[in-house]
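Report on one structure; see the data block that follows.
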Ligand SMILES: Nc1ncnc2c1ncn2[C@@H]1O[C@H](COP(=O)(O)OP(=O)(O)OP(=O)(O)O)[C@@H](O)[C@H]1O
Ligand SMILES: [Mg+2]
């Protein structure tokens, strides 16, 4: 059973901007992003490559790369402001309260350590000492995540495993301390379709059985649609549409979301040609006023080039940032 969210959201991100330093100034990789994740909720971040999804995720873990900083905004997690945490406090939080499955499944495991040792590592790091307890936790989790013959596999090394198995091991590593929030950044991108399906099922199982909130990051609309309660659509560092996945996918209101939907095969569109969004995501160097999607938008207006519109609230928590929806045409 999913826990019913109570009052305060688990994660509340407000007007978060992340800048990449260029000499004396910052270029914004993420621009005034705001969203919430309730306890027990699965929220997806959808957007093409370079839209700022990974930077957003890394900022939640205090792991932004060198030369990349939060320039504005606030990140409240479990009622604590993450921006004011020291590195030591972040170390205590990482893995234990928020954990992440990274984008590169092949390079995220240590080739020199056994699988069992790697899954146990976060428990050791967070101060657990009882070896019997650690062993039981690791084997239980391996069984829960469908890793066959866990006792034998615990003694194997990463190169002896298939891609899908390695991704399960990474998931085990991320879940072993039972965090409140799991971030899965393109966790299924490198996998074949049937393995991808199995990992998505595992994520759903983790959410349902343990009540873990999950932030799923993907450029794959199908993954977000299958898994998420709510979706955030990002374009060039900005949130352009957000809401319940059912609402956003049945009634997309931003031309970017529509474009993403028309560019994947869908049952309703059977027989019609697939469309692609012409053009590309602007790089962070190309700073221009207005809506960054305007140059690719089929319904662009002159005023789109002037100012990025405030979010307009539609039904429920469905929101969109588009001048046409704001009635300022
Ligand atoms: N370490 C870095 N130094 C400089 N620029 C960076 C760095 N990391 C990211 N960027 C820039 O910030 C922007 C957002 O990058 P990010 O990695 O968050 O995108 P993404 O949405 O995760 O893309 P993908 O789907 O390809 O993973 C991009 O324009 C990228 O070039
Ligand atoms: Mg990324």
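The values are calculated or read from the model by the stated rules, or taken from the named source; none is laboratory data. Computed from a predicted model, the values in this text were never measured in an experiment. Here the Cβ positions follow ideal geometry from the backbone for every residue, glycine too, while neighbour counts run over all protein chains shown.
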Sort through 182, 171 and tell me the only one that's away from ligand 1 (no atom under 16 Å from the Cβ), part of a strand (DSSP E or B) and buried (at least 20 other Cβ atoms within 10 Å of the Cβ). 182
Matching entry among 222, 243 (being modelled with pLDDT of 95 or more and either touching a strand residue (DSSP E or B) at 6+ places or on another chain (Cβ under 7 Å) or in the same structural domain as residue 56 (by TED's automatic domain parsing) (or both)): 243
Mind listing whichever residues of region 40-54 are near ligand 2 (Cβ under 9 Å from one of its atoms) and either within 15 Å of residue 99 (Cα to Cα) or under 10 Å from the mean Cα position of the chain (by Cα) (or both)? 53, 54
Cβ-Cβ distance below 7 Å, separation of 6 or more or different chains: which pairs start in region 121-135 with a residue that is free of Cβ contacts under 8 Å to residues at least 24 places away in the same chain and end on one that is assigned to a helix (DSSP H, G or I)? 128/134; 134/120; 134/123
May I ask you to say which residue of 188, 143 is within 16 Å of ligand 2 (Cβ to nearest atom) and free of Cβ contacts under 8 Å to residues at least 60 places away in the same chain? 188
Residues that are within 11 Å of ligand 1 (Cβ to nearest atom), in a loop (DSSP other than H, G, I, E, B) and surrounded by fewer than 20 Cβ atoms within 10 Å (Cβ to Cβ): does region 14-28 have at least one? no
Only one residue in 73, 50 is surrounded by fewer than 21 Cβ atoms within 10 Å (Cβ to Cβ), at pLDDT 95 or above, within 16 Å of ligand 1 (Cβ to nearest atom) and over 30 Å from residue 156 (Cβ atoms), so which one is that? 73
Residues being near ligand 1 (Cβ under 7 Å from one of its atoms), over 14 Å from the mean Cα position of the chain (by Cα) and touching a residue at least 12 places away in the same chain (Cβ under 8 Å) - total across region 55-67: 1
